[in-house]
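One structure is given here, and the rest of the page talks about it.
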Amino acid sequence: AQTVTQSQPEMSVQEAETVTLSCTYDTSENNYYLFWYKQPPSRQMILVIRQEAYKQQNATENRFSVNFQKAAKSFSLKISDSQLGDTAMYFCAFMNYGQNFVFGPGTRLSVLP
Amino acid sequence: DSGVTQTPKHLITATGQRVTLRCSPRSGDLSVYWYQQSLDQGLQFLIHYYNGEERAKGNILERFSAQQFPDLHSELNLSSLELGDSALYFCASSVFTTSGAPDTQYFGPGTRLTVL
């Protein structure tokens with residue numbers, strides 16, 4: 001069974017600085033997708049970024065980028081120029097071709113003014 | 001706005017009761033997923049429906065059941081409710097590709113269930 005681990009329960013960063021959230025996963029499959037979702041205090045789940053495992057190029061979405069290391073089964077999220085609105089829980093998630101979606105436990109990020 | 005709607009937004013009920021949560025997927029999405037998120041917890045996958053048929057089950061209790069109707073909306077039924085069932089229940093929808101490749105899930109705003 002797949003597992004997703006986020007080793008940082010809480011993190012903080014100063015506004016305008018850069019922060020990296022860690023995620024590792026365990027799977028024996030070769031084809032899968034990885035996602036980062038953001039859950040602000042409103043509790044809405046918002047897609048931040050996704051990465052297809054067959055793509056070597058790291059996904060980017062404005063200030064958000066990932067460092068995908070397939071061999072190491074690592075999928076970290078970098079947030080550049082952090083903004084107060086980035087304060088949220090961040091969940092790393094794995095999805096395989098069987099459509100099973102597994103979430104990590106989350107990292108609570110606080111952006112400080 | 002993800003395009004996924006859930007009703008009601010809030011639900012307060014008593015132990016032993018039964019409730020029904022409703023979800024309408026994004027236009028064109030055939031897959032619906034249900035998740036439970038207890039306070040300060042991650043998301044637990046409950047069940048997945050595709051075009052009216054159950055595709056996968058996760059950590060869903062026997063007291064819980066779900067279905068997807070011909071118009072693709074889905075309902076999650078929770079019965080014999082216990083205090084521990086208090087949680088945020090999310091519905092998500094996605095396109096189910098014919099190749100079986102996974103696709104992004106888009107989440108509704110959730111239904112907050114409080115069992116007293």
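The values are calculated or read from the model by the stated rules, or taken from the named source; none is laboratory data. All values derive from a computational prediction rather than experimental measurement. We place every Cβ from the backbone using ideal geometry, glycine too, and count neighbours over all the protein chains shown. These accessible areas exclude ligands, DNA and RNA; they are computed on the full protein's heavy atoms, side chains included. Shrake-Rupley method; radii C 1.70, N 1.55, O 1.52, S 1.80 Å.
Assorted remarks:
- Annotation for the stretch B:51-61: no member residue is away from chain A (no Cβ under 14 Å), crowded, with 19+ Cβ neighbours inside 10 Å and without any contact (Cβ under 8 Å) to a residue 60 or more places away in the chain.
- For the stretch A:82-97, the count of residues that are free of Cβ contacts under 8 Å to residues at least 24 places away in the same chain, part of a loop (DSSP other than H, G, I, E, B), of a type outside the set (V, I, T) and loosely packed, with under 13 Cβ neighbours inside 10 Å is zero.
- The condition (being open to solvent by less than 10 Å² (accessible area, probe 1.4 Å), free of Cβ contacts under 8 Å to residues at least 60 places away in the same chain and out of contact with any Ser or Thr (no Cβ under 8 Å at 6 or more places or on another chain)) is satisfied by just one residue among B:D85, B:D71, B:D40: B:D85.
- The number of residues in the stretch A:98-113 being open to solvent by 10 Å² or more (accessible area, probe 1.4 Å), outside any loop (DSSP other than H, G, I, E, B) and of a type in the set (S, T, N, Q) comes to 1.
- Here B:V4, B:V95 are screened, and the one residue that is open to solvent by 30 Å² or more (accessible area, probe 1.4 Å), within 14 Å of another protein chain (Cβ to nearest Cβ) and within 30 Å of A:T107 (Cβ to Cβ) is B:V95.
- Of all the numbered requirements in (1) more than 10 Å from the chain's Cα centre (by Cα); (2) more than 12 Å from chain B (Cβ to nearest Cβ); (3) surrounded by 15 or more Cβ atoms within 10 Å (Cβ to Cβ), A:V66 misses one, and that requirement is (1).
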